[in-house]
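Below you'll find the structure, written out as structure tokens, and then a few comments.
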Amino acid sequence: MRLPPARLEAFLDRPDPEIGLVLLFGPDAGLVAERAERLGRSVVPDLADPFRVSEVEPDRLRAEPQRLALEAQALCFLGGRRLVRVRGADDGIAKAVELLLGLERIEALVVIEAGDLAAGSKLRQLAEKARGAVVIGCWPEGERERARTIRALLAEHGLEAEPEALAFLIEQQGADRAVLRSEIAKLALYLGPEGDRVVRLADAAAVVGDGSALAFDDVVLAALSGDRARLERDLLRLLALGEAPVRILRTATGTVLRLLRLRAEVERGASIEAALATARPPVHFRLKDRFAAALGRWSSERLVAELGRLVAAEAELKSTGRPDILLLRRTLAELADRAPAPATSVV
């Protein structure tokens, strides 16, 4: 049978013991997996318990349709209801489900995870017509539902978002719940356990979606502004996300090269704003002021010199056995120490 939306949340936490089969399907694979785990934990607290949890591959059920019914009727000698999971299912296991639903009573809770099954799917039709089965569709959320989900995921990490940050997260995130959960986890790691519990727009933009590229630019621009404290903080956050030192150094080289091209426009008579308007790809809105400040500080000659040092540092990093993180930190710290003061603007 189909589960009415009003009963969904209660059912996921406390499924009716008379229900032996739950079919989860839909285009949001992350939501399918999340709801399957939630259902599973309502029966078995530890989903890795080998005595109470069985996973059956769809290929095996195609070859041995009776296997699903056998697994569903097996009892746990230690007591408690068992869980049987089938992931990546499609109509190829319809015969196995038909045999399962033919049982007088299904002892275990059988949870089947499938993709976006059509209305005419045999698997869907079998489950929708059976009194001992429940069918739950997992569809992409609308903006209001997504906002609620994001708030809940942030709360799991002890975080809340400012309105601007929440709007950014809603706009950036796609339909897959697994991707959304992963991005929120990255954001929590970026802020750190001792950091601010309020997510601001700058934090969200630095990490989520295309924000990883912005996080690289944050490090480089901190060095170019001579801000050693910010450089160290942003660099440690980027390294904590697992980024390779060689990639960070290569990004620094690319950012300096980009500034050099824009600086050439300024020295040909363009204003800094006009030069930034010609940038391709465009400079992200969050970074425009910092790019403008860097263009005001650095001359072409200085940028060319730093470009050479960065290229040499990357070559050294690749060819020596020295710790790459130490070399990266030394290179960027020295870049920060050489940053011209704002008062020496060369616009």
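Principal-axis analysis of the Cα atoms of the chain puts helix 288-297 at an angle of about 20° to the longest axis. As a proxy for reagent exposure, ranking L191, L260 by other Cβ atoms within 10 Å from fewest up yields L260, L191. Percent of C-alpha pairs per 10 Å bin in region 128-285, short distances first: 9, 31, 28, 19, 8, 3, 2, 0. Take every pair of alpha-carbon atoms less than 8 Å apart whose residues are at least six positions apart; their mean separation over the length of the chain yields a relative contact order of 15 percent. Using bins of 10 Å that start at zero, the share of Cα-Cα pairs per bin across the chain amounts to 5, 20, 21, 17, 14, 12, 8, 2, 0, in whole %. The dipole here belongs to region 5-137: it is taken about the Cα centre, uses +1 on the Cβ of Lys and Arg and -1 on the Cβ of Asp and Glu, and is about 280 debye. Relative intensity of region 97-193 on a log10 scale, I(q)/I(0) at q = 0.17, 0.25 Å⁻¹, equals -0.81, -1.28, per a Debye sum over C-alpha point scatterers of equal strength in the absence of solvent.
Residues whose amide H falls under 5 Å from that of A130, counting only those 5 or more places apart or on a different chain, are absent, with hydrogens built in the peptide plane. Bridgeable lysines around K122 (alpha carbons under 30 Å apart, same-chain partners fewer than 8 residues away excluded): K95.
Counting every other Cβ atom within 10 Å of each residue's Cβ, R38, R144 order from fewest to most as R144, R38. Of all lysines in the structure, not one has an alpha carbon short of 21 Å from that of K186, not counting any fewer than 8 places away in one chain. Relative to the 2.2 N^0.38 Å rule of thumb, region 12-99 has a C-alpha radius of gyration ratio of 1.07. Its relative contact order, with pairs defined as Cα atoms under 8 Å and 6+ residues apart, puts region 99-194 at 20 percent. Helix 163-172 and the longest principal axis of the C-alpha atoms of the chain enclose an angle of approximately 70°. Over all alpha-carbon pairs in region 143-207, figure out the percentage whose distance exceeds 19 Å. Tail fraction, whole percent: 17.
Phi angles of region 87-99 translate, via the Karplus equation with coefficients 6.51, -1.76, 1.60 and θ = phi - 60°, into HN-Hα couplings of 10, x, 7, 8, 5, x, 9, 4, 4, 4, 5, 4, 5 Hz per residue; Gly and Pro are given as x.
No lab work stands behind these numbers, since they all come straight from the coordinates. As the structure is a computational prediction, the values presented were derived from the model and not from experiment. Backbone-built Cβ (ideal geometry, glycine too); neighbour counts: all protein chains shown.
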